[in-house]
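See structure below.
Throughout, read-outs are computed from the coordinates displayed, never taken from laboratory work. As the structure is a prediction and not an experimental result, all values here were calculated from the model. Glycine gets a Cβ as well: all are built from the backbone with ideal geometry, and neighbour counts include every protein chain shown.
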Amino acid sequence: MAEHRIKTEIEIDAPAARVWAVLTDFPGMSSWNPFITSISGSAVEGARLSIKVLPPGKSAARFRPTVLVVRPERELRWLGRVLFPGIFDGEHYFLLEPLGERRSRLEQGEKFSGLLVGFLGDTLRASEAGFNMMNQALKRQAEAA
């Protein structure tokens, strides 16, 4: 089965608690996030989310992942699938690491797997660009508070 991983990082001049608050304020996400333009649902393990993404240069896409992990101020992880397992699965994650009292590091990434991964290179590259855009926007939003 084909697999592709994306990993992005950014350091933010804000405590992990503030970054987490911005990241999990799903109703407010559309006001600052150029990549994940909407999320509805709750950051609760086992919950289903409804997410709309807008990768640069691509059409918007909607999906309904299941929340896998919620560790406040540390980790948020979900799993989305196209049709059924093994076609195109994406396990998306955000990891927060405190770097002292007023600084933190965000790692955002995703592991894509399934039969269609090899055919979606342009979409995966656009997604990586979208992750980086979101990281920069999250940094601005968290540091502005």
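Between residue 119 and residue 42, full extension at 0.36 nm per residue minus the direct alpha carbon distance yields a gain of 24.5 nm. Among the GluC sites (Glu not before Pro) found in region 90-145, those both in a DSSP coil and sparsely packed, with 10 or fewer other Cβ atoms within 10 Å of their Cβ, are 101. Dipole size of region 3-144 about its Cα centre, with +1 on Lys/Arg Cβ and -1 on Asp/Glu Cβ: approximately 320 debye, rounded to the nearest 20. Positive-end ranking of 51, 32, 12 along the dipole of region 1-57, with charges on Cβ about the Cα centre, is headed by 51. Helix 121-144 and the long axis of the chain differ in direction by around 10°, with both axes built from C-alpha atoms. Note on residue 31 and residue 87: the extension gain reaches 16.9 nm, defined as 0.36 nm multiplied by sequence separation minus the Cα-Cα distance. Across all C-alpha atoms in region 1-58, the radius of gyration and Dmax reach 13.7, 40 Å. Hey, in the GNM for the chain with a 10 angstrom Cα cutoff, which one of 94, 35, 119 fluctuates hardest? Of 94, 35, 119, the Gaussian network model singles out 119 as fluctuating most. A cut-off under 12 angstrom between Cβ atoms defines the neighbours of residue 31, and their net charge, with Lys, Arg +1 and Asp, Glu -1, is 0.
Contact order for the chain, expressed relative to its length and based on alpha carbon pairs under 8 Å spaced 6+ residues apart, stands at 33 percent.
This structure gives Cα Rg over 2.2 N^0.38 Å, computed directly, and of (i) 1.69; (ii) 1.08; (iii) 1.00 that value is listed as (iii).
Grab the other residues whose beta carbon is less than 14 angstrom from that of residue 59, score K and R as +1, D and E as -1, and report the net. Show your work: numbers first, answer last.
Numbers: positive: 52, 58, 62; negative: 122.
For residues surrounding residue 59, the net value is +2.
In plain terms, the chain from residue 61 to residue 79 could stretch by 5.0 nm, reckoned as 0.36 nm per residue minus the Cα-Cα distance.
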